[in-house]
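Visitor: Take a look at the following structure, please.
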Amino acid sequence: MVANVKQDFLNSRRAADSGHLRPFRRALPDLYVSPEILDRALTVSSTLYRALEARGYPVAIARAGEELYRPALEERKNPPKRRDGYDAYHSKWAPDRPTVAFIGTVAIGLTIYEQSENTEVRYLNGEYVPVAKLAPPKRGGYGAASWTTHKELASGRLCLRASSPYHVAKWEQQWEETSGRTLVDMIPAIVRGLEAAAPVLVELVKEGHTRAEAARIEWERKQAIWAREEAQRRRERQIVESREQLAKIIEAWAVAKAREDFLEDLQRRAGALPEEEQAAVRSRLSQARELLGGTDVLRRFAAWRAPDE
């Protein structure tokens with residue numbers, strides 16, 4: 001799985017501030033290392049994968065649609081106890097799908113990474129250089145445009161993180177190189193550790209699914225309660241709105257009826273006038289009716305919306 005991928009890793013964006021590679025391609029084995037130890041990381045990963053496969057545990061990049069994920073990686077040796085926004089300001093690389101070993105019925109995520117550590121560096125000629133790698137300064141020192149600070153830099157120390165690729169179960173275990181033992185030296189112990197972890201992860205996944213199902217049932221229960229309450233609130237709003245609309249229709253009808261009664265009374269009174277005056281009054285009554293509009297109560301009532309409509 002790691003054959004012929006070296007160039008893909010080296011075909012990278014500008015390295016992260018820590019020095020880790022950030023390849024353009026993301027369908028790659030889960031390695032997060034600097035170019036200086038890429039060859040060693042590829043050798044370690046190949047050796048580990050072969051050891052697992054020799055035990056009957058296939059290793060592969062998860063297929064699209066398997067719903068397996070790669071948890072965020074903390075590569076710092078001594079991260080602060082509280083979140084400090086480090087990830088937001090450091091563009092880490094991550095594969096689009098996890099590298100997993102299938103042990104029995106369970107998948108275990110495998111991440112080989114280079115640990116970073118807080119390192120004293122000096123700003124010199126536009127870049128930060130570890131103080132430990134600097135030659136003694138010439139006479140006059142480093143100059144005014146140089147200073148020291150501390151940065152998280154790749155340390156050359158490889159680690160393996162085994163993790164749960166299941167959203168419902170959080171679990172991980174780490175193996176870290178020491179001055180006396182490399183990850184290759186640890187591979188037999190790593191394989192045994194993964195075998196021992198597999199049944200533990202199976203139980204965690206079962207428990208996670210149980211919690212997820214309980215959460216789904218609880219969510220549906222709350223949604224049903226909300227739907228009933230919302231239906232009741234909607235019913236109450238409809239009653240209020242229907243009542244207000246009907247009141248406006250009644251009020252409009254009362255005004256229109258009063259106007260019509262007024263005009264009809266004028267028309268009756270006009271009947272007692274001389275003939276020549278009646279014509280003038282009838283003409284003005286027609287103009288008044290046209291100006292005031294009709295009293296079509298049925299049309300207004302038909303537009304009313306009952307609460308159940």
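The values are calculated or read from the model by the stated rules, or taken from the named source; none is laboratory data. Quantities reported herein were computed from a predicted structural model and do not represent experimental measurements. Counting neighbours? That spans all protein chains shown, and the Cβs are built from the backbone with ideal geometry, glycine included. Heads up: the accessible areas ignore ligands, DNA and RNA and are worked out on the full protein's heavy atoms, side chains in. Shrake-Rupley method; radii C 1.70, N 1.55, O 1.52, S 1.80 Å.
Visitor: Scan the range 54-68 and tell me whether some residue there is surrounded by fewer than 14 Cβ atoms within 10 Å (Cβ to Cβ) and within 22 Å of residue 157 (Cα to Cα).
Guide: No; the residues of the range 54-68 include none that is surrounded by fewer than 14 Cβ atoms within 10 Å (Cβ to Cβ) and within 22 Å of residue 157 (Cα to Cα).
Visitor: Considering only residues that are over 30 Å from residue 292 (Cα atoms) and open to solvent by 70 Å² or more (accessible area, probe 1.4 Å), look in the range 233-248 and name the one that is modelled with the highest pLDDT.
Guide: Ranking the qualifying residues of the range 233-248, first place goes to 233.
Visitor: For residue 4, work out the one condition from (1) among the polar types (S, T, N, Q); (2) over 22 Å from residue 170 (Cα atoms); (3) touching a residue at least 40 places away in the same chain (Cβ under 8 Å); (4) assigned to a loop (DSSP other than H, G, I, E, B) it doesn't fulfil.
Guide: For residue 4, the failing item is (3).
Visitor: Can you confirm whether the range 159-175 contains a residue that is in contact (Cβ under 8 Å) with a residue 12 or more places away in the chain, open to solvent by less than 50 Å² (accessible area, probe 1.4 Å), out of contact with any strand residue (DSSP E or B) (no Cβ under 9 Å at 6 or more places or on another chain) and not in a helix (DSSP H, G or I)?
Guide: Yes; the residues of the range 159-175 include at least one that is in contact (Cβ under 8 Å) with a residue 12 or more places away in the chain, open to solvent by less than 50 Å² (accessible area, probe 1.4 Å), out of contact with any strand residue (DSSP E or B) (no Cβ under 9 Å at 6 or more places or on another chain) and not in a helix (DSSP H, G or I).
Visitor: On to the next question. Exactly one condition in (1) open to solvent by 10 Å² or more (accessible area, probe 1.4 Å); (2) touching a residue at least 12 places away in the same chain (Cβ under 8 Å); (3) in contact with a strand residue (DSSP E or B) (Cβ under 8 Å, 6 or more places away or on another chain); (4) not in a loop (DSSP other than H, G, I, E, B) is false for residue 43; which is it?
Guide: That leaves (3) as the condition not met.
Visitor: Somewhere in the range 197-213, is a residue within 30 Å of residue 39 (Cα to Cα) and not acidic (Asp, Glu)?
Guide: Checked against the condition, which is being within 30 Å of residue 39 (Cα to Cα) and not acidic (Asp, Glu), the range 197-213 yields at least one hit.
Visitor: Looking only at the range 206-221, decide whether some residue is in a helix (DSSP H, G or I), in contact with a Ser or Thr (Cβ under 7 Å, 6 or more places away or on another chain) and in contact (Cβ under 8 Å) with a residue 24 or more places away in the chain.
Guide: No, that holds for no residue.
Visitor: If you don't mind, there's one more thing I want to ask. Please state which one of 260, 251, 230, 264 is open to solvent by less than 100 Å² (accessible area, probe 1.4 Å) and under 23 Å from residue 306 (Cβ atoms).
Guide: That would be 230, the only listed residue that is open to solvent by less than 100 Å² (accessible area, probe 1.4 Å) and under 23 Å from residue 306 (Cβ atoms).
Visitor: If a residue must be at pLDDT 90 or above and under 19 Å from residue 183 (Cα atoms), how many such residues does the range 1-56 contain?
Guide: 28
Visitor: Could I ask something else about it? Sort out which residues of the range 14-40 are aromatic (Phe, Trp, Tyr) and crowded, with 20+ Cβ neighbours inside 10 Å, and write them in order of number.
Guide: The answer is 32, and nothing else.
Visitor: What pairs come out if I take residues in the range 7-18 that are within 13 Å of residue 128 (Cβ to Cβ) and pair them with residues that are acidic (Asp, Glu) whose C-beta lies under 8 Å away, six or more apart or interchain?
Guide: 17/152; 18/75; 18/152
Visitor: Still on this structure, I have one more. Among (1) of a type in the set (D, E, K, R); (2) open to solvent by 60 Å² or more (accessible area, probe 1.4 Å); (3) within 25 Å of residue 101 (Cβ to Cβ), which single condition is residue 151 missing?
Guide: (3)
Conditions (1) modelled with pLDDT of 95 or more; (2) under 28 Å from residue 196 (Cβ atoms); (3) touching a strand residue (DSSP E or B) at 6+ places or on another chain (Cβ under 9 Å), marked per residue:
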| position | (1), (2), (3) |
| --- | --- |
| 78 | no, yes, yes |
| 81 | no, no, no |
| 84 | no, no, no |
| 91 | no, no, no |
| 103 | yes, yes, no |
| 111 | yes, yes, yes |
| 115 | no, yes, yes |
| 118 | no, no, yes |
| 128 | no, no, yes |
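Visitor: Within the range 215-226, is even one residue open to solvent by 70 Å² or more (accessible area, probe 1.4 Å) and of a type in the set (Val, Ile, Thr)?
Guide: Yes, the conditions are met somewhere in the range 215-226.
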